[in-house]
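Here is the structure we will look at, set down as structure tokens.
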Amino acid sequence: MTSPGQAGTWSRSSSTWCGVTPVPDLFLAMMKEEWRIHSTVFGGRWFALFPAVIAIFAFLGSLALPLFSDALPYTVIALLAQILFLLAGVMVGSFGLMGREFMNRRFGQASLIAYASRSLPVSEQRIFAAFLVKDTLYYILLYVLPFAVGFAAATPFISLDPGCALLAFVSLALAFLVGLSVICFLSTLYARSVRLLAGTVVALVVLTLAALRLGASTAVLPPYAFLLDPGPEPLVLSLLLILVPAAVSVLFVTVDYPDRAKRFRNSLDPLAERLHPLGSEHFIAKDALDLLRSEGGAGKVVFSFLLPVGLVWVCLRVLIRFIPGIDPLVVFAVLLGVISATIYNWLTEFDSFSSYTFLPVEVSEVIDGKLKGYSLLSLLPVAVLVFAAATTGGAGTFLPALAAFLSVSAYTLAVTVYLTGLYPNVMLYHAGVFLWYVLATSPALLLIIFASILDPLYAFGSLLLILPAALLLSRGRTKWQAWEMPGY
């Protein structure tokens, strides 16, 4: 289990590896790996500035809190922040679910510390313990601490006690770590048995629903309970939810997945023939086969898509109680369009353009194939939107919601392609790229959401985004023609 930031090099002659390797040495080496890959791609300065961008947006968002305090209580805003950081922890930890293919295809030329137990006298448990500590500190410094610093800087201007910032930092860090440790635990189960994973997930869902029905919300999200009423009980419960799954993950971790013989017929040409009317048929077919034949299959896309969509829907059901006139289906469609753009990240996950360099293929052709594959996979979010409309009685606003989804999805995708090319999973950690991404998307999204509160039919105005989306896609295809990700 590892992440793109763990690709790097390590000398086998280092005396550190002789005998028993101390966890602190592994931890420091992994931290260096995490820094090396990002600084290699776009320079250490831009990566170091990424937390500053998070802090600035947290500061500006905190300044706006009093504007919404009448309609949206601070407790509700705090709950949304808790869910956001819980989801961030889940997304960071879920990298283990996509497994070996990603690392082998994208970073196969690198020596990975996370796989050192295969060839060196270092146990898997020792390495994985260092990995968890590294991820904990690394992403808290990258996300949680900058967010808390931005909030703390704003407290004097919004009449809040600066001590709230420290409390917010602790509770958000706990929420992040709960998500990280639980998903690492599930990843360990996944490596052992898919059936065991499925049974555990079902049991956790049943227990969560039972706790909510009994009114034991503290047991479901204890970091939030700690934020509202700091005390030993929610703190201890939060730590248990972090330490117990993490300890089980370390004790039973394995980097050796069960070997299964996989044999496939040559499906590329038959599939490409069926996709011929779309053009770029061989690129689309290759991406489809990569997804279907890799660990987890197409379920990886469903998992990484449906989980955040479900959390967004839960948040919206909370918000509609406090914001009169809001149409949840239109707002959901806007946010669904943003989340759907991450499907493009999956399509660019398993290869880089270097694998095509010996063929008469241009970057623009590869991008075209990814875009067409994305269009096909967008049928999934459309189905989710139809399901949401059918189950909530939102048929009357389905058409403006559909227009908002299609427009926002196309525009967000176009911004992603223009700013990151074939490398969105790495380039969005570039401070400048991330800043431009937020500035390019946020105003349009907020305008659509606020306009839909006045009248859901105003969501049809989002169709105006199609023109800049087409322009950005055209320029993006040209912009990335001569760029290739550096080696590691």
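The values are calculated or read from the model by the stated rules, or taken from the named source; none is laboratory data. The model shown is predicted, which means the values in this text are computed figures rather than measured ones. Quick reminder, even Gly has a Cβ in these numbers, built from the backbone with ideal geometry, and neighbours come from all protein chains shown. Ligands, DNA and RNA are stripped out before the accessible areas are found, and what is left, the full protein with its side chains, is counted by its heavy atoms. Shrake-Rupley method; radii C 1.70, N 1.55, O 1.52, S 1.80 Å.
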Given a 1.4 Å probe, how much area per residue of the stretch 373-414 is accessible, in Å²? 39 Å²
In µm²/s, what is D for the stretch 360-488 at 37 °C and 0.692 mPa s, where D = kT/(6 pi eta Rh) by Stokes-Einstein and Rh is the Kirkwood radius from Cα pairs? 204 µm²/s
Take the cross-link list LYS370/LYS479; LYS32/LYS479; LYS32/LYS370 and give me the ones stretching past 28 Å between alpha-carbons. LYS32/LYS479; LYS32/LYS370
Short version: ³J(HN,Hα) in whole Hz for each residue of the stretch 155-164, in order, from phi by Karplus 6.51 cos²θ - 1.76 cosθ + 1.60 (θ = phi - 60°), x for Gly and Pro, what are they? 4, x, 8, 10, 6, 10, 5, x, x, 4
Packing-ranked peptide list from 452-464, 197-209, 334-346, highest mean Cβ count within 10 angstrom first, is 334-346, 452-464, 197-209
Calculated FRET value between VAL236 and LEU137, using beta carbons and R₀ = 25 Å, to 0.05: 0.70
Length gained when the stretch ARG45-GLN125 is fully extended (0.36 nm per residue, less Cα-Cα span): 25.4 nm
Computed FRET value (nearest 0.05) for LEU399 with LEU447, which takes r as the C-beta separation and R₀ as 22 Å: 0.70
How much length is gained on full extension from SER193 to LEU209, taking 0.36 nm per residue of separation minus their Cα-Cα distance? 3.3 nm
